[in-house]
Amino acid sequence: MAAAGRYAAAMDGPIAPLDMTLDELREALAPLLPANAAFDGWGTRALDSAAAELGVPADRARLAFPGGGIDMIDAWFAAIDMAMVAALPPERIAAMKIRERIRALVLARLEAAAPCREALRAALAVLARPDHAPRAVRLGWRAADAMWRLAGDTATDFNHYTKRATLAALYAATLLAWQQDESEDWADTRAFLDRRIDGVMRFEKLKAKLRPHPDRHFSPARFLGRLRYPVV
């Protein structure tokens with residue numbers, strides 16, 4: 001019941017699990033899934049155990065995840081998005097430089113997944129399957145988009161896409177490094193992340209230097225104007 005309490009209606013208080021819509025049920029079950037998936041894998045056994053923990057019939061819980069394991073992983077990753085938002089409220093993010101924001105956001109996601117590292121390892125194995133490649137790309141993009149939005153990014157041009165693609169790759173690489181990290185307080189992962197962010201920042205600075213100045217762009221109107229009124 002405790003998990004359900006986090007998904008309360010503003011006016012009516014906590015929603016009883018048996019009264020939840022399928023969307024609400026999926027959201028309530030999401031944080032319960034990884035602890036069970038760590039032992040049973042991302043399948044019906046883990047889902048049935050989570051359903052029993054929440055107090056809903058297993059057959060109804062299965063209706064909330066028609067895609068099976070991949071939908072369960074999707075829901076857990078959405079719960080990690082929510083945990084990241086809770087860990088880094090806007091007032092805390094605002095006090096950081098952009099580099100610090102990205103670092104904090106990635107680490108917040110690791111903190112949220114830390115209690116269930118084995119479940120994450122199993123989830124990444126599921127996502128690595130060729131038939132799940134499109135879903136894996138979408139989930140990586142969603143994580144990167146959530147981080148950039150929290151970081152305050154408002155780009156709507158081509159940079160909107162390049163920033164998210166770069167961060168998705170950085171996050172995926174960091175996840176893989178973290179999976180193998182046995183150092184105290186994830187010191188190796190933190191160092192790895194810092195190096196990757198340094199590389200991205202150097203690339204962004206170089207890109208900014210190479211970007212033509214707006215006043216130096218070829219302008220047909222300016223060119224024709226000079227033909228008509230040549231500089232003397």
- request: Identify, by number, the condition in (1) in contact (Cβ under 8 Å) with a residue 24 or more places away in the chain; (2) farther than 26 Å from ASP198 by Cβ that PRO130 doesn't meet.
  value: (1)
message: Just to check your reading of the model, which residue among ALA86, ALA64 is touching a helix residue (DSSP H, G or I) at 6+ places or on another chain (Cβ under 7 Å) and free of Cβ contacts under 8 Å to residues at least 60 places away in the same chain?
response: ALA64
- prompt: Taking segment 142-172 as the region of interest, how many residues are polar (S, T, N, Q), surrounded by 12 or more Cβ atoms within 10 Å (Cβ to Cβ) and over 19 Å from ARG103 (Cα atoms)?
  reply: 1
query: Going by the structure shown, is ALA122 out of contact with any strand residue (DSSP E or B) (no Cβ under 6 Å at 6 or more places or on another chain), assigned to a loop (DSSP other than H, G, I, E, B) and of a type in the set (A, V, I, L, M, F, W, C)?
result: no
- request: Output the residue which, of all residues in segment 96-141 that are buried (at least 16 other Cβ atoms within 10 Å of the Cβ) and among the charged types (D, E, K, R), is farthest from TRP178 (Cα to Cα).
  value: ARG135
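Just to check your reading of the model, which residue among ASP153, ASP145 is of a type in the set (Asp, Glu), at pLDDT 95 or above and either under 20 Å from ARG202 (Cβ atoms) or assigned to a helix (DSSP H, G or I) (or both)? Quick ask: steps written out before the conclusion?
Details: ASP153 fails: at pLDDT 95 or above.
Residue meeting the stated conditions: ASP145.
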query: Assuming ALA191 fulfils every condition listed in (1) in a loop (DSSP other than H, G, I, E, B); (2) of a type in the set (A, V, I, L, M); (3) within 17 Å of LEU107 (Cβ to Cβ) apart from one, which condition is it?
result: (1)
- prompt: How many residues does segment 4-34 hold that are modelled with pLDDT of 95 or more and either among the acidic types (Asp, Glu) or under 15 Å from CYS116 (Cβ atoms) (or both)?
  reply: 9
- request: Residue by residue through segment 71-95, note down the ones that are buried (at least 19 other Cβ atoms within 10 Å of the Cβ) and among the β-branched types (Val, Ile, Thr).
  value: ILE73, ILE80
Sole exception among (1) modelled with pLDDT of 95 or more; (2) out of contact with any helix residue (DSSP H, G or I) (no Cβ under 6 Å at 6 or more places or on another chain); (3) under 29 Å from ASP131 (Cβ atoms) for ALA37, by number: (2)
- prompt: For segment 149-199, what are the residues that are farther than 18 Å from ILE93 by Cβ, touching a Ser or Thr at 6+ places or on another chain (Cβ under 8 Å) and not acidic (Asp, Glu)?
  reply: THR174, ALA177, TRP178, SER183, THR189, PHE192, ARG196
query: Is it true that some residue in segment 197-207 is surrounded by 17 or more Cβ atoms within 10 Å (Cβ to Cβ), within 23 Å of ALA112 (Cα to Cα) and at pLDDT 95 or above?
result: no
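The values are calculated or read from the model by the stated rules, or taken from the named source; none is laboratory data. Because the structure is a prediction, the values reported are computed rather than measured. Ideal geometry is used to build each Cβ from the backbone, glycine not excepted, and the neighbour counts take in all protein chains shown.
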